[in-house]
Amino acid sequence: MTVDIGRTAKPPGRIRTALARHWYAWAMVAPVVIVLGLIIGYPLGRGVYLSLTDADETNVERTIGINHLPATYRFTGLDNFTAVLKDEVFLDRLLWTVTWTVSCVAVTFCLGLGLAVLLNRRFAGRAVYRSLLILPWAVPAFVSVFAWRLLYNERNGILNKLLDGGGIDAVPWLNDPTLAKVSVIAVNVWIGVPFMLVALLGGLQSIPGERYEAAEMDGASPWQRFRHITLPGLRAVSSTVVLLSTIWTFNMFPVIYLLTRGGPGDTTEILVTYAYRISFVNSPRDYAGASAWGVLILLILLLFAVVYRRALRKQGEV
């Protein structure tokens with residue numbers, strides 16, 4: 001009887017080992033992965049494909065009555081992206097979108113931090129104030145936007161009624177380009193502050209109280225305690241909420257579209273509302289152009305997320 005000692009069994013690969021060891025976890029995750037693939041993966045892949053064609057309302061597959069017309073659009077490569085990047089409209093929308101995003105995130109973070117610091121203290125009725133400040137987050141976004149639209153109404157809005165009582169003429173909140181920009185930022189801040197408040201309040205409550213007591217015994221002023229204890233203790237939470245808030249605000253379609261429809265003119269139109277307009281409002285509907293805008297928006301956000309995380313990693317926050 002001979003034994004071939006030169007031939008050894010091939011060790012299993014990493015994927016096989018992971019499946020064998022964690023098969024139950026993979027089985028539990030599989031339905032979620034499949035659903036996400038169908039809901040997000042397929043539309044994303046379809047959008048990337050359409051962005052490389054000249055598809056529009058006149059050449060896509062469609063049915064008119066009993067007649068079925070096949071698709072006749074063709075592959076054009078990167079022509080749509082070249083056209084978008086050369087268009088001055090893209091730069092104008094991008095500059096306003098960045099301004100809108102930075103303004104909303106900065107104001108929301110400052111207000112949320114201030115309210116979180118106040119609500120972290122013990123005082124009578126604290127639970128009531130917390131519930132009231134979280135209420136705008138519980139209300140659906142479109143309801144809040146419609147409520148603010150009534151407030152901004154130039155003729156019958158509550159804001160102008162209050163100004164009229166003080167002898168001030170009606171203010172065209174949504175009809176003046178500058179005021180319209182300020183108005184949409186104010187509404188988005190109103191909607192976003194509760195999320196920032198809850199996240200930062202949770203971060204404040206995780207900071208040990210002994211640090212504040214030791215700093216107070218050492219003679220540190222309230223500002224010094226805030227600067228050297230509160231802010232460093234909130235870095236991990238702040239980095240996450242700022243990233244999430246930036247992505248949400250950059251793509252905040254409901255506030256802009258429901259409040260101003262991008263007007264007056266196109267002064268408040270951001271990238272996502274313009275992509276929606278050329279895909280569903282303008283005629284003929286430019287599906288390829290809208291897809292190119294969508295892919296560029298995705299790339300911009302991915303680039304921001306990568307740069308942001310690298311900056312945090314250098315600071316030791318990730």
Candidate residues VAL184, VAL98: accessible-area rank, largest first, probe 1.4 Å: VAL98, VAL184
So what is the relative contact order for the chain, in percent, with contacts set as C-alpha pairs under 8 Å and at least six apart? 25 percent
Using a 1.4 Å probe on the protein heavy atoms only, what accessible surface does ARG149 show? Give it in Å² to the nearest 10. 100 Å²
Given charges at Cβ of Lys, Arg, Asp, Glu: the stretch 104-195 dipole, positive-most of PRO172, ALA124, ASN188: ALA124
Using Cα positions and a limit of under 18 Å, work out the aspartates and glutamates in reach of LYS86, with same-chain residues fewer than 8 apart set aside. ASP54, ASP286
At 222 nm, what value in deg cm²/dmol follows for the chain if DSSP H runs of at least 4 each add -39500 (n - 2.57) and the sum is divided by all its residues, to the nearest 500? -20500 deg cm²/dmol
As a test question: what accessible area, to the nearest 10 Å², does TRP148 have when a 1.4 Å probe is rolled over all protein chains in place? 50 Å²
What longest range of the chain stays clear of loop-exposed GluC sites (Glu not before Pro) (DSSP non-H/G/I/E/B, at most 15 other C-beta within 10 angstrom)? 155-316
With the charge dipole of the chain built from beta-carbon charges (+1 for Lys and Arg, -1 for Asp and Glu) about the Cα centre, the Cα from PRO140, HIS68, PHE280 projecting farthest to the positive end belongs to PRO140
Ordering LYS181, LYS314, LYS86 by how much accessible area each has at a 1.4 Å probe, largest first, what is the list? LYS314, LYS86, LYS181
With all protein chains in place and a 1.4 Å probe, TYR129 shows an accessible area in Å² (nearest 10) of 120 Å²
Can you list residues whose amide H is under 5 Å from THR53's amide H, if they're 5+ apart or on another chain and H is modeled 1.01 Å from N? THR76
Give the shape of the chain as rounded, prolate or oblate, defined through the alpha-carbon gyration tensor: a ≥ b ≥ c are the square roots of its eigenvalues, a/c under 1.5 means rounded, and otherwise the shape is prolate if a/b is larger than b/c and oblate if not. oblate
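The values are calculated or read from the model by the stated rules, or taken from the named source; none is laboratory data. Note that the structure is a prediction, hence the values are computed from the model and not measured. Please note: Cβ atoms are built from the backbone with ideal geometry, for glycine as well, and neighbour counts cover all protein chains shown. Just the protein is used for accessible areas: all its heavy atoms, side chains included, with ligands, DNA and RNA removed. Shrake-Rupley method; radii C 1.70, N 1.55, O 1.52, S 1.80 Å.
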